[in-house]
Amino acid sequence: MKILSVNAGSSSLKFQLYEMPEEKVLISGLMEKIGSKDSFYTIKVNGEKVKKEVELKNHAQAFEALVEELKTNNVADSLDEIKGIGHRVVQGGDYFDKTVVIDDEVLSKIEEFSSLAPLHNPAAVTGIKAAFEVFPNAVQTAVFDTAFHQTMPKENYLYAIPMSWYDEYKVRRYGMHGTSHKFVTERMNEILGRCDTKLITCHIGNGASISAVVNGKCINTSMGLTPNAGLIMGTRCGDIDASIIPYIMEKTGMSPKEIDNALNKESGLLSLTGKSNDIRDITAGIESGDENCILAHKIYVKRIVDYIAKYYVEMNGCDAIVFTAGVGENSINTRREVINRLGSLGITLDEEANDVRVEERLISTKDSKTECWIIPTDEELMIARDTLELI
Ligand code: ADP
């Protein structure tokens, strides 16, 4: 059975088509600049990558272009071969705690939660509506970034702010990257051969979050109402003193939108190094003795360690720490620096095993009190699996 995994942005569409349950990727790609004259797409099929410049006026045209590619590449003869389409949706509020089949009611709930994710949910709705137009017979599902975190207890999702903000405006911790945390949790439990585990899952990419997972269920996570909480990220500040915001607004006259932009796009590793949000550049900077890069990486690592320590204590121990996403899977020195600071918990790194990129592997020593693993994440596959289960 063919299942399409879709991640729609306001002007982009990322997709991956699977043969399920074999989990074989048939075709994948990214359509960009949808709605502008210079839109284009890149697809990967039969091991080959092709780029095409085609005007895509809207998301429905992007899906139609995909259908054409399926036919010309003999991936599918008719639309009806695609039985399910799973859509990534960032914010499911406190309403969706799992993947659901999309109907009118689900769609209006996703629209309702747009105020909590104004950049993401409207784009997902556009993608869903376009997919219904082009694939009227497929089962469509919504897979929420927030759903995995809905098992958090109230003590971990409530902020100590005026309660009317929670009651009226739903201000609370939701967490993000849930699909990835769920994927690596399931894989880690499979490797350990049991489900009664305590895990700390570190999804560290340009955006980054850490979760505490007990018996397969999330009990805490570092992102909050929005993705700009917890860890220091490529361009996001993560946790800061809330009063910095009114202070700077008063001093500079910046608007809420400008402040939000500065804290999401001009902060984090980018502002600390003064040159890059990319760990590859920062590692090169460290190697050449760049003081800003050395300091930025120290602060970055320290925040990761703070969260691991916090969750270790909260769970009263930990069976495994998992590293995933761009930095977690690739950055040998970031993993080394993090794990080397966990010595007081009896956690020790196997230097040789850690010398690897994007490979599932145990990277702690045999006598380490907690195992440390690299597990490459696959959010698209998780979306396809959830969709298959619902079908
Ligand atoms: P997101 O999905 O949040 O955009 P990713 O999970 O794709 O982020 O991670 C992207 C980040 O991963 C890059 O900004 C870079 O810091 C890091 N990264 C990617 N490849 C490497 C590499 N080979 N070595 C070190 N870091 C890498």
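The values are calculated or read from the model by the stated rules, or taken from the named source; none is laboratory data. From a predicted model like this one, the values you see are computed outputs, not experimental measurements. Note that we place each Cβ from the backbone using ideal geometry, even for glycine, and neighbour counts take in every protein chain shown.
Of the residues making up segment 163-174, at least one is part of a loop (DSSP other than H, G, I, E, B), farther than 15 Å from TYR95 by Cβ, basic (Lys, Arg) and in contact with a Leu (Cβ under 9 Å, 6 or more places away or on another chain).
Report, by residue number, each residue of segment 316-372 that is within 13 Å of the ligand (Cβ to nearest atom), surrounded by fewer than 20 Cβ atoms within 10 Å (Cβ to Cβ) and of a type in the set (Lys, Arg). Once the filter is applied, which keeps residues that are within 13 Å of the ligand (Cβ to nearest atom), surrounded by fewer than 20 Cβ atoms within 10 Å (Cβ to Cβ) and of a type in the set (Lys, Arg), segment 316-372 yields ARG336, ARG357. Just one residue in the set GLU69, GLU55, GLU133, GLU64 is touching a residue at least 12 places away in the same chain (Cβ under 8 Å) and in a loop (DSSP other than H, G, I, E, B); that residue is GLU55.
Annotation: ARG187 fulfils all but one of (1) surrounded by 16 or more Cβ atoms within 10 Å (Cβ to Cβ); (2) outside any helix (DSSP H, G or I); the unmet one is (2).
Just to check your reading of the model, which residue among PHE113, PHE148 is touching a His at 6+ places or on another chain (Cβ under 6 Å), over 15 Å from ALA8 (Cβ atoms) and either charged (D, E, K, R) or surrounded by 14 or more Cβ atoms within 10 Å (Cβ to Cβ) (or both)? Even if it seems obvious, please write down each step before you answer.
Details: PHE113 fails: touching a His at 6+ places or on another chain (Cβ under 6 Å).
Every option except PHE148 fails the conditions.
In segment 263-296, what residues are of a type outside the set (D, E, K, R) and under 21 Å from the mean Cα position of the chain (by Cα)?
To start, the set of residues in segment 263-296 that are of a type outside the set (D, E, K, R) comprises 263-264, 267-274, 276-277, 279, 282-286, 288-289, 292-296.
Answer for segment 263-296, where residues must be of a type outside the set (D, E, K, R) and under 21 Å from the mean Cα position of the chain (by Cα): LEU263, ASN264, SER267, GLY268, LEU269, LEU270, SER276, ASN277, ILE279.
Report the residue count in segment 348-365 for those that are part of a loop (DSSP other than H, G, I, E, B) and either within 26 Å of the chain's Cα centre (by Cα) or without any contact (Cβ under 8 Å) to a residue 12 or more places away in the chain (or both).
First, pick out the residues of segment 348-365 that are part of a loop (DSSP other than H, G, I, E, B): 348, 350, 355-360, 363, 365.
Applying the additional criterion that residues be either within 26 Å of the chain's Cα centre (by Cα) or without any contact (Cβ under 8 Å) to a residue 12 or more places away in the chain (or both) yields 355-360, 363.
Total satisfying the criteria: 7.
If the condition is being of a type outside the set (Gly, Ala, Ser) and at pLDDT below 95, then segment 35-48 contributes LYS37, ASP38, VAL45, ASN46, GLU48.
Can you find, within segment 277-314, the residue that is surrounded by the most Cβ atoms within 10 Å (Cβ to Cβ) among those that are hydrophobic (A, V, I, L, M, F, W, C) and closer than 21 Å to ILE375 by Cα?
Going through segment 277-314, the residues hydrophobic (A, V, I, L, M, F, W, C) turn out to be 279, 282, 284, 286, 293-296, 299, 301, 304-305, 308-309, 313.
Now drop any that are not closer than 21 Å to ILE375 by Cα, which leaves 279, 301, 304-305, 308-309.
Numbers: ILE279: 23, VAL301: 19, ILE304: 25, VAL305: 16, ILE308: 23, ALA309: 15.
Result: ILE304.
From GLY205, GLY216, grab the single residue that is within 15 Å of the ligand (Cβ to nearest atom), touching a helix residue (DSSP H, G or I) at 6+ places or on another chain (Cβ under 7 Å) and either farther than 15 Å from PHE323 by Cα or not polar (S, T, N, Q) (or both). Outline the logic, then answer.
Working: GLY216 fails: within 15 Å of the ligand (Cβ to nearest atom).
It is GLY205.
For SER39, the conditions (1) of a type in the set (S, T, N, Q); (2) surrounded by 18 or more Cβ atoms within 10 Å (Cβ to Cβ); (3) closer than 24 Å to ALA384 by Cβ are fulfilled apart from (3). Residues that are at pLDDT 95 or above and surrounded by fewer than 17 Cβ atoms within 10 Å (Cβ to Cβ) within segment 8-24 comprise GLU19, PRO21, GLU22, GLU23, LYS24, listed in sequence order.
Taken together, the residues in segment 96-125 that are within 19 Å of the chain's Cα centre (by Cα) and assigned to a loop (DSSP other than H, G, I, E, B) amount to 8.
For segment 215-329, give me every one of the helices (runs of 4 or more DSSP H) that falls completely inside it and has 1 or more residues that are out of contact with any Phe, Trp or Tyr (no Cβ under 9 Å at 6 or more places or on another chain), modelled with pLDDT of 95 or more and within 30 Å of PRO162 (Cβ to Cβ).
On the way: elements: 244-252, 256-265, 268-273, 279-287, 291-314.
Where helices (runs of 4 or more DSSP H) fall fully within segment 215-329 and carry at least 1 residues being out of contact with any Phe, Trp or Tyr (no Cβ under 9 Å at 6 or more places or on another chain), modelled with pLDDT of 95 or more and within 30 Å of PRO162 (Cβ to Cβ), they are 244-252, 256-265, 291-314.
Taken together, the residues in segment 277-315 that are under 30 Å from ASP367 (Cα atoms), of a type in the set (Gly, Ala, Ser) and within 16 Å of the ligand (Cβ to nearest atom) amount to 0. In summary, MET233 fulfils each of the numbered conditions (1) surrounded by 13 or more Cβ atoms within 10 Å (Cβ to Cβ); (2) more than 23 Å from the chain's Cα centre (by Cα) with the single exception of condition (2).
Is it true that ILE128 is within 29 Å of ASN261 (Cα to Cα), at pLDDT 95 or above, β-branched (Val, Ile, Thr) and in a helix (DSSP H, G or I)? In short, yes.
May I ask you to say which residue of THR334, THR377 is under 19 Å from SER222 (Cα atoms), in a loop (DSSP other than H, G, I, E, B) and of a type outside the set (A, V, I, L, M)?
Working: THR334 fails: in a loop (DSSP other than H, G, I, E, B).
Just one listed residue meets the conditions, THR377.
Pick from segment 266-276 the residues that are more than 9 Å from the ligand (Cβ to nearest atom) and of a type outside the set (A, V, I, L, M): which of them is surrounded by the fewest Cβ atoms within 10 Å (Cβ to Cβ)? Out of the qualifying residues, it is GLY274. Selection of segment 173-199 for residues being under 17 Å from the mean Cα position of the chain (by Cα) and polar (S, T, N, Q) yields THR179, SER180, THR185.
How many residues does segment 157-179 hold that are closer than 27 Å to GLU329 by Cβ and out of contact with any Phe, Trp or Tyr (no Cβ under 9 Å at 6 or more places or on another chain)?
Going through segment 157-179, the residues closer than 27 Å to GLU329 by Cβ turn out to be 173-179.
Filter again for out of contact with any Phe, Trp or Tyr (no Cβ under 9 Å at 6 or more places or on another chain), leaving 176.
Here the count works out to 1.
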